[in-house]
Amino acid sequence: MTETLFSLKAMTVAAALALATGSATAADGVEIDHLGVNNTLVRVTGPGRYLIMPVQESNDDARINVLVDGKIAETIYVRLAKSKTDYTVPFDLTPYQGRNVILDVVTPQGRSSVREAKDDVCWRGMELTDTIDTTDREERYRPAYHHTPVYGWMNDPNGMFYRDGKWHLYYQYNPYGSKWQNMTWGHSVSDDLINWEHLPVAIRPDGLGAIFSGSCVIDHEGTAGQGRDAVIALYTSAGTSQIQSMAASRDGGMTFDKWAANPVLTLESEARDPNMFRNESTGEWNLVLAHALDHEMLIFTSPDLKTWTLQSAFGKGEGAQGGVWECPDLFELAVDGTGDKKWVLLCNLNPGGPFGGSATQYFIGDFDGKTFRSDTDADGRIPTKWLDYGKDHYATVSFSDTPDGRRTVLGWMSNWQYAAEVPTMQYRSANTLPREMGLFTAPDGELYVSSAPSPELLALRGKVTAKAAKANVGRNARTYALPADGLCEITLDIDAQKASAVTLELANKAGDKVTMTYDAESRTMSFDRRESGVTDFSEEFPAVTVSPTFERDGRVSLRLFVDRSSIELFGNDGRFAMTNLVFPHAPYSTLSISARGGNARISDLKIYSIKL
């Protein structure tokens, strides 16, 4: 379901033959000079759009200064292959066509001699090419209908906005490997939040540092001096320190020019992930900045997106205080069934999530354009609330300028505990499905944020492959077949009736299973992935997560989205959500439903195939 403008290629037959014969000869158009045991020059002497570089993930990063006409144009870090090639990555030479390009490579591997250094397989695998192929190299876990990078590492979604029928998604991206490094803003666009077109990277590292997370707005009035309707990005430049920088796009977000006077905002302590928005009630721009190590969010105002005034801080001692606070978002939502509105402050933190590692907490309260004040519970305390009760939902932020007053969000579908170790290679990480934010009042009288699947996801529904209008379930499970490829959406209503718990189990013939149990007595839903498939890549991965269901009548309505390596469960129109990665040895093939403590009733069960 992914159209691509970029692609990836394994080594050519000639390069492979060179490896087999032990030849140290580089490909045509590439000259290699070994200067010592850790320093090598790679000269580009022939034509070609890309220089292919072999990667071995177990190695440390080599530092590569890209010299153009004798001057350092950029510095990148690549885990260059020493003894084997796991995959290859392309270095785009297009900006430097017609100029003298040399890669000054400093490798960290210890070697006894230059002769040993010459034996690294990376030197024989470097080649020039004009066209490259993105065919997955046995990536059976690449999602079928979630956004992923074509290749390389991805984490936080950044700078998302909607304009002229297009949803723009930028993201933290490493173009030169599938582990974290070389932070750049990757870029994809979509007409429907399902099918994504991959575009050239939008913002590259510079002398101020790597490009960390941030946000984009459409400056309709041209307050930043970049013209009406310019797209303005604010992001963290991460070098020796973390500072905030600005870039502007005059072509709808396709390309950006960095502000010559960067940075626009500096502090005496670590702060990152600026999230800005137009506050129509005050006529100013607001900015929320994560004061990461102080566990608080800083709130600024500006007339022009360049001059920012600190107005207040929120969060010290409140909510979950583990790890670092980062990736904030602040927006107003209507309360379901009332004419009221409240403000929601998203605060992502790592570690410190309810089940270990990273997670998204939030606060509900009031905002006057300068100060956010959180609501308190019946005991006068600010409660800790979680947006998702799985282990793999982080860095959640919203699109700006969305149509029809929607508040649409995406998250990073992974966890910092094991994100770099999951069993994929050519790429790592996906985004969650898009979700719509709302506010509802739970039976305990508290306000909570709902997180419902975006309406565009209905277009994924293919044929109904199994259904049950009504069925009683007890100790003996009822079993339904899933589509052959395991990709599906499952919907059903559960009435616990006399049962104390109702269990849903996804399983395959390999013995893998995921167990989800609605406990009517504790009013919780649990998700057990300890036997879900491949789990041994991290001791933190096998886990059981538990969510409150925010009901008191023994009834829950569920929607489950099953992809090749993830399950997203939504309950009662998004009043609770659970996102968890899974890596089954084979696609799940059956859904079994049983009850304990008495019979329960299920109704409106439908299993939809996914329309790819």
From the list THR376, THR360, which one is more than 29 Å from SER245 (Cα to Cα) and modelled with pLDDT of 95 or more?
-> THR376
Residue pairs meeting the criteria (Cβ under 6 Å; at least 6 apart or on separate chains; first farther than 21 Å from LEU433 by Cα, in the stretch 160-189; second of a type in the set (Gly, Ala, Ser) and part of a loop (DSSP other than H, G, I, E, B)) | LYS179/ALA420
For ILE382, indicate whether it is over 25 Å from PHE541 (Cβ atoms) and either surrounded by fewer than 20 Cβ atoms within 10 Å (Cβ to Cβ) or touching a Gly at 6+ places or on another chain (Cβ under 9 Å) (or both).
-> yes
Within the stretch 555-575, count every residue that is assigned to a strand (DSSP E or B) and either open to solvent by 30 Å² or more (accessible area, probe 1.4 Å) or closer than 17 Å to MET413 by Cβ (or both).
-> 11
State whether the residues of the stretch 237-260 include one that is without any contact (Cβ under 8 Å) to a residue 12 or more places away in the chain, over 28 Å from TYR418 (Cα atoms), of a type in the set (A, V, I, L, M) and not in a strand (DSSP E or B).
-> yes
In this structure, is LYS470 within 26 Å of ASP563 (Cβ to Cβ) and out of contact with any Pro (no Cβ under 8 Å at 6 or more places or on another chain)?
-> no
Only residues in the stretch 63-82 that are within 15 Å of LYS179 (Cα to Cα) and part of a loop (DSSP other than H, G, I, E, B) count as the first member; pair them with residues that are among the small types (Gly, Ala, Ser) and open to solvent by 40 Å² or more (accessible area, probe 1.4 Å), Cβ under 9 angstrom, at least 6 apart or cross-chain, and list the lot.
-> ARG79/SER58
Only one of GLY315, GLY322 that is at positive phi and either at pLDDT 95 or above or touching a strand residue (DSSP E or B) at 6+ places or on another chain (Cβ under 9 Å) (or both) | GLY315
Per-region count, the stretch 222-236, residues open to solvent by 10 Å² or more (accessible area, probe 1.4 Å) and touching a residue at least 60 places away in the same chain (Cβ under 8 Å) | 2
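I'm trying to understand the selection: among the residues of the stretch 150-166, which are assigned to a loop (DSSP other than H, G, I, E, B) and either among the basic types (Lys, Arg) or crowded, with 24+ Cβ neighbours inside 10 Å (or both)?
TYR151
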Within the stretch 471-491, restricting to residues that are among the β-branched types (Val, Ile, Thr) and within 12 Å of SER594 (Cα to Cα), the one that is surrounded by the most Cβ atoms within 10 Å (Cβ to Cβ) is VAL473
Only one of these conditions is not met by PHE583: (1) assigned to a strand (DSSP E or B); (2) buried (at least 19 other Cβ atoms within 10 Å of the Cβ); (3) not aliphatic (A, V, I, L, M). Which number is it?
-> (1)
Top-ranked residue in the stretch 492-502 [being open to solvent by less than 30 Å² (accessible area, probe 1.4 Å) and out of contact with any Asp or Glu (no Cβ under 7 Å at 6 or more places or on another chain); ranked as nearest to GLY571 (Cα to Cα)] | ILE494
If only one of THR503, THR491, THR479 is β-branched (Val, Ile, Thr) and under 27 Å from the mean Cα position of the chain (by Cα), which one is it?
-> THR491
Which condition number does LEU193 fail, the rest of (1) touching a Pro at 6+ places or on another chain (Cβ under 6 Å); (2) part of a strand (DSSP E or B) being met?
-> (2)
Specify the residue that is nearest to LYS71 (Cα to Cα); the eligible residues are those in the stretch 86-115 that are open to solvent by less than 60 Å² (accessible area, probe 1.4 Å) and assigned to a helix (DSSP H, G or I).
-> TYR96
Consider THR301 carefully, then state whether it is farther than 18 Å from TRP412 by Cβ, open to solvent by less than 10 Å² (accessible area, probe 1.4 Å), part of a strand (DSSP E or B) and in contact (Cβ under 8 Å) with a residue 24 or more places away in the chain.
-> yes
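The values are calculated or read from the model by the stated rules, or taken from the named source; none is laboratory data. Treat the numbers as computed from the prediction; the structure is a model and nothing was measured. Glycine gets a Cβ as well: all are built from the backbone with ideal geometry, and neighbour counts include every protein chain shown. Remember, those area values only see protein heavy atoms, side chains included, never the ligands or the DNA or RNA. Shrake-Rupley method; radii C 1.70, N 1.55, O 1.52, S 1.80 Å.
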